[in-house]
Amino acid sequence: MLEIGQPAPDFELLNQDRKPVRLSDFRGKKVILFAFPRADTPGCTTQACGFRDNLPRFETKNAVVLGISDDSPEDLAKWREKQNFTYDFLSDPDHKVLEQYGAWGEKVSFGKKSVGTLRSHWVIDENGILIDQRIKISPTDSYEEALKLIEA
């Protein structure tokens, strides 16, 4: 598990357009990184649309939003276009970053246990320091809590 006040581990993943994106590319800005289990599902759409609909509020606080899941870039691109998302989605098919960030593990959905992405988010400051993390958060609480922190 990552610790608040420590540097957020850097990573490089492909976005929905198969272009590499590094966390360190955003030094000088706050980064809201949110993890979601599966593109184009109801809870994930609620979470991602919440970030999309509040994007101007994040941007006025010098923040960027990035989504991450183990979906393929192609699936992320389809969902991004369908929902008119304007921020990047990152593909972590081997879930190495999700594991490193503590968002890969056992979960229960509709009474069934499985292993996968745990809905989460992290807020990283302009210097790459982790200032907040929420693992296993609800879709609505994710964007609301991130926004509260950024606007505080």
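Here are the numbers for the structure shown:
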| read-out | value |
| --- | --- |
| Some residue of the range 53-67 being without any contact (Cβ under 8 Å) to a residue 24 or more places away in the chain, within 14 Å of the chain's Cα centre (by Cα) and either within 19 Å of L130 (Cα to Cα) or assigned to a helix (DSSP H, G or I) (or both) | no |
| Filtered residues of the range 87-137 (kept if without any contact (Cβ under 8 Å) to a residue 40 or more places away in the chain, within 17 Å of K30 (Cβ to Cβ) and of a type in the set (S, T, Y)) | Y87 |
| Total residues in the range 25-82, condition of a type in the set (K, R) and in contact with a Gly (Cβ under 7 Å, 6 or more places away or on another chain) | 1 |
| Failed criterion for A152 (all others in (1) closer than 16 Å to Q47 by Cα; (2) out of contact with any Phe, Trp or Tyr (no Cβ under 6 Å at 6 or more places or on another chain) hold) | (1) |
| Residues within the range 24-44 that are part of a helix (DSSP H, G or I) and out of contact with any Pro (no Cβ under 8 Å at 6 or more places or on another chain), tallied | 4 |
| Residue under evaluation A77, criteria (1) in a helix (DSSP H, G or I); (2) modelled with pLDDT under 95, criterion not met | (2) |
| Complete set of residues in the range 1-23 that are touching a residue at least 12 places away in the same chain (Cβ under 8 Å), surrounded by 12 or more Cβ atoms within 10 Å (Cβ to Cβ) and either hydroxyl-bearing (S, T, Y) or in a strand (DSSP E or B) (or both) | P7, L13, L14, N15, V21 |
| Candidate set from the range 110-119 (those that are under 13 Å from the mean Cα position of the chain (by Cα) and either modelled with pLDDT under 95 or part of a loop (DSSP other than H, G, I, E, B) (or both)); member that is surrounded by the most Cβ atoms within 10 Å (Cβ to Cβ) | R119 |
| Boolean, L23 is farther than 19 Å from D70 by Cα and not polar (S, T, N, Q) | no |
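Here is a yes/no grid of residues against (1) out of contact with any strand residue (DSSP E or B) (no Cβ under 9 Å at 6 or more places or on another chain); (2) of a type outside the set (K, R); (3) part of a strand (DSSP E or B); (4) crowded, with 20+ Cβ neighbours inside 10 Å:
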position	(1), (2), (3), (4)
K82	yes, no, no, no
D94	yes, yes, no, no
E99	no, yes, no, no
V108	no, yes, yes, no
H121	no, yes, yes, yes
E126	no, yes, no, no
D141	no, yes, no, no
K148	yes, no, no, no
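The values are calculated or read from the model by the stated rules, or taken from the named source; none is laboratory data. Keep in mind that what you see is a predicted model, and the values were worked out from it rather than measured. Glycine gets a Cβ as well: all are built from the backbone with ideal geometry, and neighbour counts include every protein chain shown.
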